[in-house]
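Structure record follows, encoded as structure tokens.
The values are calculated or read from the model by the stated rules, or taken from the named source; none is laboratory data. On a predicted model such as this, the values are computed, not experimentally measured, just so you know. Cβ atoms come from the backbone with ideal geometry, glycine included; neighbour counts cover every protein chain shown.
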Amino acid sequence: MPPRAGRPGGLLLTPGAGSDRDHHTLVALADGLAPLPVGRFDFPYRKAGRRAPDRAPTLIESVRADAAAFAAEHRFRPHRLLLGGRSMGGRMCSMAVAAGLAARGLVLLSYPLHPPGKPDRLRVEHFGALEVPVLFVSGTRDPFATPGELAEHAEAIPGPVTIHLIEGARHDVPRADDEIVAVVRDWIDALPPPR
């Protein structure tokens, strides 16, 4: 059966600052969303064996390069690519899209609205430029974003927003991969046609 018109061509996933492309949730999504192509990429600092993340411009440029390579490898136009990832990785993807990178939508897992205990240091200044569909998946006890904070700041996003909360989970969400895969799959299946 040919793919539905407007269906995403693939999903590129990036890890959080302290993990890599083999994080259990990213692996579960790659396995569980088949036959949709899913790419898992590491940032340059991780590839170089360093622990400290590069600055945001370097990370965003890495997202741009990986997105272009992934779309070319799977032979679909860049605007059909879904982007996202965990924590810092999802944030960098959202910043790349806000800065003009073409995308079909964003899958943001455990989005870090602010550092733990520092709700005044928000990381949402680019939300107003996100015109694509956005899925947030977050634990109800995540110290980087309470459910109320997430709902409040997601209102700044002009594109359609879906928020799925995982009851009792903190930032890593270690035992909810099946739930996350199901939520992401259902969200992809329900995406509206591109404008």
Can you name every residue in the range 107-140 that is assigned to a loop (DSSP other than H, G, I, E, B) and aliphatic (A, V, I, L, M)? LEU113, LEU122, VAL124, LEU130, VAL132
Could you tell me whether any residue of the range 161-172 is at pLDDT below 95, under 21 Å from ALA56 (Cβ atoms) and surrounded by 15 or more Cβ atoms within 10 Å (Cβ to Cβ)? yes
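Rundown of residues vs (1) out of contact with any helix residue (DSSP H, G or I) (no Cβ under 9 Å at 6 or more places or on another chain); (2) not in a helix (DSSP H, G or I), yes/no style:
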residue	(1), (2)
GLY16	no, yes
ASP22	yes, yes
ALA30	yes, no
ARG51	no, yes
SER62	no, no
ARG75	yes, yes
GLY84	no, yes
CYS93	no, no
ALA102	no, yes
Within the range 143-154, restricting attention to residues that are part of a loop (DSSP other than H, G, I, E, B) and either in contact with a strand residue (DSSP E or B) (Cβ under 8 Å, 6 or more places away or on another chain) or of a type in the set (Val, Ile, Thr) (or both), which residue is surrounded by the most Cβ atoms within 10 Å (Cβ to Cβ)? ALA145
When you look at GLY148, is it small (Gly, Ala, Ser) and in contact (Cβ under 8 Å) with a residue 24 or more places away in the chain, yes or no? no
Condition (residue is over 13 Å from the mean Cα position of the chain (by Cα), touching a residue at least 24 places away in the same chain (Cβ under 8 Å), more than 27 Å from PRO143 (Cβ to Cβ) and outside any loop (DSSP other than H, G, I, E, B)) applied to the range 33-43: is it met by at least one residue? no
Are any residues in the range 103-142 touching a His at 6+ places or on another chain (Cβ under 6 Å) and either among the polar types (S, T, N, Q) or surrounded by fewer than 21 Cβ atoms within 10 Å (Cβ to Cβ) (or both), and if so, which ones? SER110, ARG121, LEU122, VAL124
Of the conditions (1) on the phi < 0 side of the Ramachandran plot; (2) touching a residue at least 40 places away in the same chain (Cβ under 8 Å), LEU108 clears all except one; give me its number. (2)
Would you mind finding the one in ALA145, ALA151, ALA182, ALA156 that is farther than 19 Å from SER94 by Cα and aliphatic (A, V, I, L, M)? ALA182
